[in-house]
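Novice: Dropping a structure here in C-alpha coordinates format, bear with me for questions.
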Amino acid sequence: QVKDSLAANFNFPFWIIAEISEMNVNHTGHCYIELIEKENSTRRVLAKSRATIWSHVYRILKPYFETTTGQELKPGLKILVKVSVGFHEVFGFSLNITDIDPQYTIGDIEQRRLMIINKLKDDGVYQMNKDIELPIVPQRVAVISPENAAGYGDFIDQIKNNQLGIKFYV
(Lines give C-alpha, C1' and ligand atoms only; values in the text may rest on other atoms or scores of the structure.)
Protein backbone atom coordinates (compact mmCIF):
# COMPACT_ATOMS: atom_id res chain seq x y z
CA GLN A 1 0.00 0.00 0.00
CA VAL A 2 2.87 2.37 0.79
CA LYS A 3 4.49 1.62 -2.57
CA ASP A 4 1.18 2.11 -4.41
CA SER A 5 0.44 5.34 -2.54
CA LEU A 6 3.86 6.80 -3.34
CA ALA A 7 3.58 5.72 -6.98
CA ALA A 8 0.15 7.33 -7.25
CA ASN A 9 1.21 10.64 -5.69
CA PHE A 10 4.76 10.90 -7.05
CA ASN A 11 4.38 9.36 -10.48
CA PHE A 12 6.78 11.73 -12.25
CA PRO A 13 10.36 12.88 -11.59
CA PHE A 14 11.10 16.30 -10.06
CA TRP A 15 14.13 18.46 -9.24
CA ILE A 16 15.41 18.92 -5.67
CA ILE A 17 18.26 20.83 -4.06
CA ALA A 18 20.22 18.97 -1.38
CA GLU A 19 23.66 18.54 0.10
CA ILE A 20 25.51 15.25 -0.17
CA SER A 21 26.34 14.13 3.37
CA GLU A 22 27.50 10.58 2.58
CA MET A 23 28.42 8.85 -0.65
CA ASN A 24 29.51 5.29 -1.42
CA VAL A 25 30.07 3.56 -4.75
CA ASN A 26 29.91 -0.23 -4.51
CA HIS A 27 31.72 -2.83 -6.61
CA THR A 28 28.85 -3.01 -9.14
CA GLY A 29 29.09 0.73 -9.83
CA HIS A 30 25.89 1.77 -8.04
CA CYS A 31 26.26 5.00 -6.07
CA TYR A 32 24.48 5.26 -2.71
CA ILE A 33 24.07 8.75 -1.30
CA GLU A 34 22.58 10.34 1.77
CA LEU A 35 21.05 13.71 0.90
CA ILE A 36 20.36 16.34 3.53
CA GLU A 37 18.79 19.77 3.74
CA LYS A 38 20.26 22.18 6.28
CA GLU A 39 18.89 25.34 7.83
CA ASN A 40 20.95 28.24 6.43
CA SER A 41 21.61 30.12 9.67
CA THR A 42 22.32 27.25 12.10
CA ARG A 43 23.39 24.52 9.62
CA ARG A 44 21.04 22.17 11.55
CA VAL A 45 19.81 19.21 9.47
CA LEU A 46 16.15 19.69 8.58
CA ALA A 47 15.62 16.66 6.34
CA LYS A 48 17.49 13.55 5.25
CA SER A 49 16.90 10.91 2.58
CA ARG A 50 18.67 7.97 1.00
CA ALA A 51 19.28 8.26 -2.72
CA THR A 52 20.64 5.95 -5.39
CA ILE A 53 22.30 6.55 -8.73
CA TRP A 54 22.19 3.27 -10.60
CA SER A 55 25.46 2.30 -12.29
CA HIS A 56 24.26 2.87 -15.87
CA VAL A 57 23.31 6.45 -14.92
CA TYR A 58 26.31 7.07 -12.62
CA ARG A 59 28.77 6.22 -15.43
CA ILE A 60 27.30 9.17 -17.37
CA LEU A 61 26.49 11.68 -14.59
CA LYS A 62 29.80 11.53 -12.71
CA PRO A 63 32.12 12.54 -15.59
CA TYR A 64 29.56 15.07 -16.87
CA PHE A 65 29.35 16.75 -13.45
CA GLU A 66 33.10 16.67 -12.81
CA THR A 67 34.19 17.99 -16.21
CA THR A 68 31.57 20.77 -16.11
CA THR A 69 32.24 21.93 -12.53
CA GLY A 70 35.89 20.98 -12.12
CA GLN A 71 34.82 19.45 -8.80
CA GLU A 72 34.67 15.85 -7.68
CA LEU A 73 31.18 14.64 -6.83
CA LYS A 74 31.60 14.19 -3.06
CA PRO A 75 30.11 14.82 0.38
CA GLY A 76 29.72 18.48 1.29
CA LEU A 77 28.57 19.60 -2.17
CA LYS A 78 25.18 21.16 -2.70
CA ILE A 79 23.55 19.73 -5.81
CA LEU A 80 20.43 20.08 -7.93
CA VAL A 81 19.26 16.63 -8.99
CA LYS A 82 16.31 15.13 -10.80
CA VAL A 83 14.78 12.32 -8.75
CA SER A 84 11.97 9.85 -8.77
CA VAL A 85 10.50 8.46 -5.58
CA GLY A 86 10.98 4.78 -4.93
CA PHE A 87 9.90 2.36 -2.26
CA HIS A 88 11.04 -1.22 -1.78
CA GLU A 89 9.45 -3.51 0.77
CA VAL A 90 12.85 -4.60 2.13
CA PHE A 91 14.98 -1.45 1.65
CA GLY A 92 12.34 1.22 2.31
CA PHE A 93 11.98 4.72 0.86
CA SER A 94 14.66 6.08 -1.48
CA LEU A 95 15.14 8.69 -4.16
CA ASN A 96 16.46 7.52 -7.52
CA ILE A 97 18.68 10.18 -9.10
CA THR A 98 18.34 10.33 -12.87
CA ASP A 99 19.99 13.67 -13.74
CA ILE A 100 22.14 16.44 -12.25
CA ASP A 101 22.50 20.15 -13.04
CA PRO A 102 26.18 21.07 -12.60
CA GLN A 103 25.46 24.78 -13.20
CA TYR A 104 23.69 24.94 -9.83
CA THR A 105 26.76 23.61 -8.01
CA ILE A 106 29.04 26.06 -9.82
CA GLY A 107 26.85 28.90 -8.52
CA ASP A 108 26.89 27.48 -4.99
CA ILE A 109 30.70 27.15 -5.01
CA GLU A 110 31.05 30.77 -6.18
CA GLN A 111 28.63 31.94 -3.48
CA ARG A 112 30.68 30.15 -0.78
CA ARG A 113 33.90 31.67 -2.20
CA LEU A 114 32.40 35.17 -1.93
CA MET A 115 31.25 34.47 1.64
CA ILE A 116 34.80 33.46 2.60
CA ILE A 117 36.24 36.58 0.96
CA ASN A 118 33.73 38.78 2.81
CA LYS A 119 34.58 37.11 6.13
CA LEU A 120 38.30 37.67 5.51
CA LYS A 121 37.55 41.32 4.72
CA ASP A 122 35.41 41.68 7.87
CA ASP A 123 38.23 40.17 9.94
CA GLY A 124 40.68 42.63 8.38
CA VAL A 125 42.99 39.95 6.97
CA TYR A 126 42.03 39.94 3.28
CA GLN A 127 44.73 42.43 2.21
CA MET A 128 47.45 41.37 4.67
CA ASN A 129 49.70 39.72 2.08
CA LYS A 130 49.61 42.84 -0.08
CA ASP A 131 51.02 44.85 2.85
CA ILE A 132 54.13 42.66 3.05
CA GLU A 133 57.01 44.07 1.07
CA LEU A 134 58.60 41.39 -1.07
CA PRO A 135 62.34 41.20 -1.56
CA ILE A 136 63.55 41.71 -5.13
CA VAL A 137 63.96 37.94 -5.42
CA PRO A 138 61.73 35.95 -3.02
CA GLN A 139 63.82 32.99 -1.85
CA ARG A 140 61.32 31.20 0.37
CA VAL A 141 58.71 29.43 -1.73
CA ALA A 142 55.82 27.23 -0.62
CA VAL A 143 54.66 24.62 -3.13
CA ILE A 144 51.49 22.59 -2.68
CA SER A 145 51.83 19.56 -4.93
CA PRO A 146 52.33 15.81 -4.82
CA GLU A 147 56.09 15.15 -4.76
CA ASN A 148 55.84 12.83 -7.76
CA ALA A 149 53.95 15.34 -9.96
CA ALA A 150 55.79 16.13 -13.20
CA GLY A 151 55.15 19.87 -12.82
CA TYR A 152 56.64 19.86 -9.33
CA GLY A 153 59.80 18.12 -10.55
CA ASP A 154 60.17 20.60 -13.41
CA PHE A 155 59.68 23.55 -11.04
CA ILE A 156 62.29 22.28 -8.56
CA ASP A 157 64.74 21.64 -11.41
CA GLN A 158 64.29 25.19 -12.71
CA ILE A 159 64.84 26.93 -9.38
CA LYS A 160 67.79 24.73 -8.33
CA ASN A 161 69.53 25.27 -11.67
CA ASN A 162 68.68 28.94 -12.19
CA GLN A 163 71.14 31.00 -14.27
CA LEU A 164 71.89 33.47 -11.45
CA GLY A 165 72.77 30.76 -8.93
CA ILE A 166 70.25 32.08 -6.39
CA LYS A 167 69.57 29.72 -3.47
CA PHE A 168 65.85 29.01 -2.93
CA TYR A 169 64.22 27.40 0.13
CA VAL A 170 61.20 25.30 -0.80
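The values are calculated or read from the model by the stated rules, or taken from the named source; none is laboratory data. This structure is a prediction, so every number in the text was calculated from the model and none was measured. Here the Cβ positions follow ideal geometry from the backbone for every residue, glycine too, while neighbour counts run over all protein chains shown. Quick note on the areas: whole protein, heavy atoms, side chains included, nothing else; ligands and nucleic acids left out. Shrake-Rupley method; radii C 1.70, N 1.55, O 1.52, S 1.80 Å.
Novice: For Leu77, what residues show an amide H to amide H distance below 5 Å, using hydrogens built from the backbone and excluding near sequence neighbours?
Specialist: Ile20
Novice: Here is a further query. Check the straight Cα-Cα distances from Lys167 and name the lysines below 29 Å, setting aside those fewer than 8 residues away within the same chain.
Specialist: By straight Cα distance, Lys167 reaches Lys130.
Novice: How long are the semi-axes of the equivalent ellipsoid of the chain, defined as square roots of 5 times the Cα gyration tensor eigenvalues? Whole Å, largest first.
Specialist: Working from the Cα gyration tensor, I get semi-axes of 46, 22, 12 Å.
Novice: For the residue pair Asn148 and Ser5, what label-to-label distance in nm results when each label sits 7 Å from Cα along the Cα-to-beta-carbon direction?
Specialist: Placing both labels 7 Å beyond Cα along the Cβ direction yields 5.5 nm.
Novice: Under a straight-distance cross-link criterion of Cα-Cα below 18 Å, which aspartates and glutamates are reachable from Lys160, leaving out those fewer than 8 residues away in the same chain?
Specialist: Partners found: Glu147.
Novice: Once amide H atoms are placed 1.01 Å from N in the peptide plane, what residues at a sequence separation of 5 or more from Phe93, or on another chain, have their amide H within under 5 Å of its amide H?
Specialist: Excluding prolines and chain starts, which carry no amide H, the hits are His88.
Novice: Continuing with the same structure: Would you work out the charge dipole size for the chain about its Cα centre, treating the Cβ of every Lys and Arg as +1 and the Cβ of every Asp and Glu as -1, and quote it to the nearest 20 debye?
Specialist: 160 debye
Novice: Once amide H atoms are built 1.01 Å from N in the peptide plane, which residues 5 or more positions from Tyr126, or in another chain, come under 5 Å H to H?
Specialist: Lys121
Novice: Ignoring ligands, DNA and RNA, what accessible area per residue does the chain give at 1.4 Å, in Å²?
Specialist: Working: 12380 Å² over 170 residues.
Per-residue accessible area for the chain comes out at 73 Å².
Novice: Where does each of Met23, Met128 land when they are ordered by accessible area, with a 1.4 Å probe and the largest first?
Specialist: Details: Met23 40, Met128 100 Å².
Ranking Met23, Met128 by accessible area, largest first, yields Met128, Met23.
Novice: Right, something else. Given an 8 Å cut-off on Cα distances and at least 6 residues of separation, report the relative contact order of the chain as a percent.
Specialist: 18 percent
Novice: Tell me, what % of the accessible area of the stretch 15-84 is carbon and sulfur with a 1.4 angstrom probe?
Specialist: Reported share for carbon and sulfur atoms: 52 percent.
Novice: Given only helices, namely DSSP H runs of n ≥ 4 each adding -39500 (n - 2.57), what is the per-residue ellipticity at 222 nm of the chain, to the nearest 500 deg cm²/dmol?
Specialist: Value at 222 nm, helices only: -10500 deg cm²/dmol.
Novice: Which log10 I(q)/I(0) values, to two decimals, does the stretch 1-84 give at q = 0.11, 0.20 Å⁻¹ under the Debye formula with one point per Cα?
Specialist: Taking Cα atoms of the stretch 1-84 as identical point scatterers yields -0.35, -1.04.
Novice: GNM, the chain, Cα, under 10 Å: largest mean-square fluctuation among Ile17, Ile60, Ile100?
Specialist: Largest GNM mean-square fluctuation: Ile60.
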